[in-house]
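One structure below.
The numbers here are math on the coordinates, done by the rules we state, and not lab data. Not measured: the values here are computed from a predicted model. Note: ideal-geometry Cβ built from the backbone for every residue, glycine included; neighbour counts use all protein chains shown.
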């Protein structure tokens, strides 16, 4: 699992960079999945499997969705 963190004060350039990552992922045939609500934990979403594509590209736009439990899970999986 690879993690890319985009952060900075220039939100326009950060968003443009995110769009470039998404475009590249699409061109490689990856399924794009945005994580945007708290109904499922981040670790649940990341560990779920897809029926259609073996590899997925996850976009988490709100870092506050990562709980302490999710953080520990990520540490173990990296």
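Brief remarks on what is shown
- Of all residues in the range 16-54, exactly one satisfies the criterion of being under 12 Å from the mean Cα position of the chain (by Cα) and assigned to a loop (DSSP other than H, G, I, E, B), namely 36.
- Filtered by the rule that a residue be in a helix (DSSP H, G or I) and touching a strand residue (DSSP E or B) at 6+ places or on another chain (Cβ under 9 Å), the range 60-73 gives a lone residue, 65.
- Per the conditions (1) outside any loop (DSSP other than H, G, I, E, B); (2) in contact with a helix residue (DSSP H, G or I) (Cβ under 9 Å, 6 or more places away or on another chain); (3) more than 26 Å from residue 24 (Cα to Cα), the sole criterion not satisfied by residue 76 is (2).
- Boolean, residue 6 is surrounded by 10 or more Cβ atoms within 10 Å (Cβ to Cβ), in a loop (DSSP other than H, G, I, E, B) and either without any contact (Cβ under 8 Å) to a residue 24 or more places away in the chain or touching a strand residue (DSSP E or B) at 6+ places or on another chain (Cβ under 9 Å) (or both): yes
- If the condition is being surrounded by 16 or more Cβ atoms within 10 Å (Cβ to Cβ) and in contact (Cβ under 8 Å) with a residue 24 or more places away in the chain, then the range 41-73 contributes 41, 42, 43, 46, 56, 57, 58, 60, 65, 66, 70, 73.
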